[in-house]
Amino acid sequence: MPDSSATPSPRRPGQPLDALIIGAGFSGMYMLHRLRDRLGLNALVVERGGDVGGTWYWNRYPGARCDSESHSYCFAFSEELWRGWDWSQRYPDHAEIRRYMNYVAERLDLRRDIRFGTNVTACAYDEAANLWRVTVEGGEVLAARYLITGVGCLSTANVPQLPGLEDFAGQWYHTGEWPHEGVDLGGKRVGQIGTGSTGIQAAPAIAAEAAHLTVFQRTANYSSPANNQPLSAERKAWMRDNWAEIRRVMHATTNGHPFTVEDRSVHDVSDRELKEILDAAWDFGGLQFRAGFRDVLLDETANAKLAAYLKNKILEIVQDPAKARLLADIDHPYAAKRPPIDSGYFETFNRDNVDLVDVRADPIERVTPGGIRLESGREIALDVIVFATGYDALTGPLLKLNISGAGGRTLAQEWAAGPRTYLGLQVAGFPNLFTVTGPGSPSVLCNLPVPIEQHVEWIADCIAHLRAEGVSRIEPSVAAVEAWGQEVKRAADATLLSRVPHSWYLGANVPGKPRVFMPYAGGMARYRAHCDQVAARGYEGFVLRREATSDAA
Ligand code: N01
């Protein structure tokens, strides 16, 4: 290591970069390796955080752990890199993921081309020079031929505008911006707002540490056990020795997980068989719970059977009937919002120090200096408020970059009615800009390292092609963007995913955000084949231009 089949030639002072990459998470790290070490490009990563890790640099809240199994939540492009790392648990916690990413940065010698603590404030396409000019905090402007965003899908915190928050006498935190030094919750009365995947991970850990926890629930949620555990020596050896097969399965499945979805319908089995299958899946744990049948997300009546099983589990686990009823009063199909997995979430409500408040029935009126007041007038005294309220997902991190393309048209203008992309990779009118896991790609519907690797490799191959062919600009045609938008809508409408009105997949969690289903729900394997076909047909749907351009900075 590293695989350095190409070495960039030294850059003259003032000479533009070949590629500027924003973000040093999984996307930016692999993009740098691919462009610098395989293509020999002068590439630089700018990263607002102080180290590699991306989302995981910031997400350090109590209980923060990946819901993908560790052997699938890592790079799989190199067997050597794969074999050099041992995971300790079935699901890695945030600290172990950061250690892993540090290992990758060392092995691939990435840090010398990453500028940390560098926040991008604007990106403008200079049409005359055919360069991207990227301004960073402090005013410095960097110029590059290709601009590649690796800013993640869930990196822009969504903190609800609750009146009175500025006067709160205690401390408040968003889970995605958790203080690196940690927060001492010992002896504190904590209020947690939000019961998505994050809140469901955080509540058991907060309840174990704090004097008291009040969970403010707006939408009840399903969850099944993660069944996290240390990995045995045998299991670690199995993971190390089966790189090719694990990778093959991850590439073949809809969601990029290392397990396949059974090719049977819920309707093919008797009620007794269904219960046996679901009991076994519950005990086994993990996101695999939804993989027992092919029609869970396609057929409402099939889905209802799994939903009933899970609601019944909640009623069995939670001893207080009022809390149990509230937690099981779920208004959407199972897995139509991202299905959380947990380590004792429902059991947490059996603790004496945990309360549940239904803020759909009695909404939050305001934050007071001493806590949270509900519309009924009830006031809950708090020392700490934890916002597990999610993200301005997918478009938020890109819009924050203040990108303007040809003719000065901004990305915000282009996406005023919702994101419009071709394959989630490029936007019409923004030449030579590539978005890793952009809206319109499978991204958040998958185990993310899999779509990230696919995007990075596709983009690197595309850039290699452009250079070999003397093409100076690439952007999609408006017709290709329109057609892909229709395909993204069609794929979502074929599932139950688009039928949840309050889902962040639709942007419904952010006031004023256009309601457009953003990720591509047609499956990762199908998407990969489609992208390969587009490339094989000479980048069908893209406009490639060969005009002579100045390289002047
Ligand atoms: O965010 P969410 P999250 N008043 O948007 C509630 C990934 N992830 O951080 O449903 C009261 O899902 C909101 O209520 P409602 C994963 O992809 C990955 O939990 O809008 N409540 C909901 O309950 C996941 O899907 C891992 O009615 C308010 C919650 O806050 C994604 O991150 C681990 C409110 C937000 O849930 C986001 O999950 C964890 C308000 N004003 C998460 N505003 C991995 O394993 C919002 N809510 C990699």
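The values are calculated or read from the model by the stated rules, or taken from the named source; none is laboratory data. Not measured: the values here are computed from a predicted model. Here the Cβ is made from the backbone with ideal geometry for all residues, glycine too, and neighbour counts use every protein chain on show.
Can you tell me which residue among Leu382, Leu425, Leu394 is aliphatic (A, V, I, L, M), within 15 Å of the ligand (Cβ to nearest atom), over 25 Å from Thr214 (Cα atoms) and crowded, with 16+ Cβ neighbours inside 10 Å? Reasoning before the result, please.
Working: Leu382 fails: over 25 Å from Thr214 (Cα atoms); Leu425 fails: within 15 Å of the ligand (Cβ to nearest atom).
Only one candidate qualifies: Leu394.
Among what's in the stretch 202-222 and is within 11 Å of the ligand (Cβ to nearest atom) and assigned to a loop (DSSP other than H, G, I, E, B), pick the residue that is farthest from Phe284 (Cα to Cα).
Checked the stretch 202-222; the qualifying residue farthest from Phe284 (Cα to Cα) is Arg218.
If Lys400 passes every condition in (1) more than 25 Å from Ala157 (Cβ to Cβ); (2) more than 16 Å from the ligand (Cβ to nearest atom); (3) of a type in the set (D, E, K, R) but one, which one does it miss?
Against the list (1) more than 25 Å from Ala157 (Cβ to Cβ); (2) more than 16 Å from the ligand (Cβ to nearest atom); (3) of a type in the set (D, E, K, R), Lys400 comes up short only on (1).
So which helices (runs of 4 or more DSSP H) stay within the stretch 292-367 end to end and still have 1 or more residues that are touching a Phe, Trp or Tyr at 6+ places or on another chain (Cβ under 8 Å) and modelled with pLDDT of 95 or more?
In the stretch 292-367, the matching helices (runs of 4 or more DSSP H) lie at 300-317, 321-328.
Could you give me the residue pairs with C-beta distances under 9 Å whose first residue belongs to the stretch 300-326 and is under 27 Å from Val357 (Cβ atoms), whose second residue is of a type in the set (Asp, Glu) and surrounded by fewer than 14 Cβ atoms within 10 Å (Cβ to Cβ) wherever it lies, and which are 6+ apart or on separate chains?
Every condition considered, the pairs that remain are Tyr309/Asp279; Ala324/Glu316.
Which is over 13 Å from Phe26 (Cβ atoms), surrounded by fewer than 20 Cβ atoms within 10 Å (Cβ to Cβ) and not β-branched (Val, Ile, Thr), of Arg98, Arg90?
Every option except Arg90 fails the conditions.
Based on what the data block shows, is Ser27 within 15 Å of the ligand (Cβ to nearest atom) and not in a helix (DSSP H, G or I)?
no
Working carefully through the options Gly407, Gly429, Gly418, find the one that is on the phi > 0 side of the Ramachandran plot, not charged (D, E, K, R) and not in a loop (DSSP other than H, G, I, E, B).
Gly407
Going by the structure shown, is Ala480 at pLDDT 95 or above and of a type in the set (A, V, I, L, M, F, W, C)?
It is true that Ala480 is at pLDDT 95 or above and of a type in the set (A, V, I, L, M, F, W, C).
I need the full set of residues from the stretch 492-502 which are modelled with pLDDT of 95 or more and part of a loop (DSSP other than H, G, I, E, B), in order please.
Within the stretch 492-502, Ala494, Thr495, Leu496 qualify.
Given the criteria polar (S, T, N, Q), surrounded by 16 or more Cβ atoms within 10 Å (Cβ to Cβ) and touching a helix residue (DSSP H, G or I) at 6+ places or on another chain (Cβ under 8 Å), does Ser197 qualify?
no
Can you give me the number of residues within the stretch 117-157 that are in contact (Cβ under 8 Å) with a residue 24 or more places away in the chain, more than 29 Å from Leu445 (Cα to Cα) and assigned to a loop (DSSP other than H, G, I, E, B)?
6
Residues to consider are Gly191, Gly256, Gly199; find the one that is in a strand (DSSP E or B) and within 14 Å of the ligand (Cβ to nearest atom).
Details: Gly256 fails: in a strand (DSSP E or B); Gly199 fails: in a strand (DSSP E or B).
Just one listed residue meets the conditions, Gly191.
Based on this model, can you work out whether Glu181 counts as part of a helix (DSSP H, G or I), modelled with pLDDT of 95 or more, surrounded by fewer than 17 Cβ atoms within 10 Å (Cβ to Cβ) and of a type in the set (D, E, K, R)?
Answer is no for this residue.
When you look at Pro514, is it in contact (Cβ under 8 Å) with a residue 12 or more places away in the chain, away from the ligand (no atom under 16 Å from the Cβ), over 27 Å from Arg290 (Cα atoms) and within 20 Å of the chain's Cα centre (by Cα), yes or no?
Answer is yes for this residue.
Could you check the stretch 365-374 and list, in sequence order, the residues that are over 16 Å from Leu326 (Cβ atoms) and within 14 Å of the ligand (Cβ to nearest atom)?
Glu365, Arg366, Val367, Ile372, Arg373
Kindly check whether there is at least one residue in the stretch 158-173 that is more than 9 Å from the ligand (Cβ to nearest atom), out of contact with any helix residue (DSSP H, G or I) (no Cβ under 9 Å at 6 or more places or on another chain), closer than 25 Å to Asn353 by Cα and part of a helix (DSSP H, G or I).
First, pick out the residues of the stretch 158-173 that are more than 9 Å from the ligand (Cβ to nearest atom): 163-173.
Still in the running and out of contact with any helix residue (DSSP H, G or I) (no Cβ under 9 Å at 6 or more places or on another chain): 163-171, 173.
Then drop every residue that is not closer than 25 Å to Asn353 by Cα, which leaves 165, 168-171, 173.
If we keep only those that are part of a helix (DSSP H, G or I) too, we end up with 165.
Within the stretch 158-173, one or more residues are more than 9 Å from the ligand (Cβ to nearest atom), out of contact with any helix residue (DSSP H, G or I) (no Cβ under 9 Å at 6 or more places or on another chain), closer than 25 Å to Asn353 by Cα and part of a helix (DSSP H, G or I).
Looking only at the stretch 49-64, decide whether some residue is in contact with a strand residue (DSSP E or B) (Cβ under 8 Å, 6 or more places away or on another chain), charged (D, E, K, R) and buried (at least 20 other Cβ atoms within 10 Å of the Cβ).
no
Cβ contacts < 9 Å: first residue closer than 12 Å to Val384 by Cα, restricted to the stretch 164-175; second residue basic (Lys, Arg) and at pLDDT 95 or above, any location; separation 6+ or different chain. Result?
Cβ pairs passing all conditions: Leu165/Arg366; Gly170/Lys188; Gly170/Arg189; Gln171/Lys188.
Quick check: anything in the stretch 98-108 within 16 Å of the ligand (Cβ to nearest atom), polar (S, T, N, Q) and in a helix (DSSP H, G or I)?
no
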